[in-house]
Amino acid sequence: MLTIFNRKKIYTSFSMEKQADIRNLLDHNGIKCCVKVVNRRSASSFGNGTRSRTGSFGESSSYTYEYIIYVHKKDFELASKCIYYN
């Protein structure tokens, strides 16, 4: 089980397709991962988000969601090799 204490960030992307490819690659190699999805336009407990201040006119919708992929610390080196040398 991955927790905030035993995980390490391996990859960040704004592309849904790319994060799915990375997850499939890790799964194919027997590496468990979890994905955190961050909506960059939504309000958070630290602020109101960007949409309330600036609106969304002219902004690319491809940068709305950020996908952060985590793996277990013990799997980080193997996961790095799988992702960056494939």
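Where a number appears in this text, it was derived from the coordinates with a stated rule and is not lab data. Predicted model only: the values in this text are computed from it and were never measured. Here Cβ is always computed from backbone atoms with ideal geometry, including for glycine, and neighbour counts include all displayed protein chains.
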Pairwise label distance in nanometres, K73 with N24, each label 7 Å out on the Cα-Cβ vector | 3.2
What is the fewest-to-most order of M1, M16 by other Cβ atoms lying within 10 Å of their Cβ?
-> M1, M16
Amide H neighbours of Y11 under 5 Å, at least 5 residues apart or on other chains, H built in the peptide plane: list them.
-> I69
In what sequence, highest mean first, do 30-40, 71-81 appear when ranked by Cβ atoms within 10 angstrom?
-> 71-81, 30-40
